[in-house]
Amino acid sequence: MRGLASLALLAAVLVAGRAASASDGVPPPPLARVDATGYVYFVPNAPDFGMGIASGDLHWLHLEGRYNYEALRTGSAFVGLTGRWGRRVQLSLTPMAGAAFGRLDGFVPALRATVTWWRFFLWTEPQVLVRVGGSGQTFFYNWTEVGFALGGLRFGAVAQRTQVFETSLAFQRGLFGGISLGPFNATLYEYNWGWQKPTFVGALGVAL
């Protein structure tokens, strides 16, 4: 109930923000957008695996589906509402309600936030999975990137907390670099170099 109340409050804030953005002359979001990204994880002392994330935006409505994100052999689906504010410093918030199903079942309230200024950006996606049935345990996930974009190049630092792979570190941390060519993009992530044997992640995506 607490998670539902929080999502309802965020939705109300976004509705108010939509009206404020229109009065401030902030351009509306694209009418429609589709993104899909595939990831390959190379984890030391564990089997390699893939992950997929696809999303669609219709004006303010956000829909998203994932596989192997919350846990291996687990899918998830989300619906959310996006609000945007600012001109020089731009803020985007997307509160989402979702469900995980498969090897791991649960309710997943989530939030996606992006802050951009000049060529710098901060992207973060915290979420909590509340398991249904069994123990009813919860787990806090987070994926955060802080970086610099120059043309089609982007690079920076990344941190992740996940159950999909585990190490002795509570948060996986490292660096990333990527390139965009038209609608296509490729990114390489490195986690934990200097703390333990590193994990590498390769990602290929398309945005239309």
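Bear in mind these aren't lab numbers, they're just calculated from the coordinates by the rules spelled out. Fair warning: this is a prediction, and the values are worked out from it, not measured in the lab. Using ideal geometry, Cβ is built from the backbone for each residue, glycine included, and neighbour counts are taken over all protein chains shown.
At what distance in nm do the modelled label points of GLN90 and VAL34 sit from each other, each positioned 7 Å from its Cα along Cα→Cβ?
Those two pseudo-labels are separated by 2.3 nm.
Using the C-alpha gyration tensor of the range 68-117, what are the square roots of 5 times its eigenvalues, in whole angstrom, with the largest one first?
Values: eigenvalues 171, 22, 7 Å².
Semi-axes from the Cα gyration tensor: 29, 11, 6 Å.
Cβ under 13 Å from GLY52's Cβ, GLY52 left aside: what net charge do those residues give with Lys, Arg +1 and Asp, Glu -1? Can you show the working numbers first?
Numbers: positive: ARG66, ARG73; negative: ASP35, GLU64, GLU70.
So the surrounding residues net to -1.
At q = 0.21 Å⁻¹, what is the log10 ratio I(q)/I(0) for the range 107-208, with the Debye formula run over Cα points and no solvent?
-1.18
Per residue of the range 102-115, in order, report the coupling 6.51 cos²θ - 1.76 cosθ + 1.60 (Karplus, θ = phi - 60°) as ³J(HN,Hα) in whole Hz, putting x for Gly and Pro.
Computed from phi, the couplings for the range 102-115 are x, 5, 10, 10, x, 8, 10, x, 9, 9, 10, 9, 9, 10 Hz.
From the gyration tensor of the Cα coordinates in the range 55-153, what semi-axes in whole Å does the equivalent ellipsoid have, largest first, with each one equal to sqrt(5λ)? Display every interim value, and only then the final one.
Values: eigenvalues 164, 41, 29 Å².
The equivalent ellipsoid of the range 55-153 has semi-axes of 29, 14, 12 Å.
Quick one: TYR67, TYR41, fewest Cβ neighbours within 10 Å first, how do they rank? Intermediate results must be reported in sequence, preceding the final value.
Details: TYR67 17, TYR41 21.
Ordered by Cβ neighbours within 10 Å, fewest first: TYR67, TYR41.
So for each of 183-192, 163-172 I average, over its residues, the number of other beta carbons within 10 Å; can you give me the resulting order with the highest mean first?
Listed from highest to lowest mean packing, they are 183-192, 163-172.
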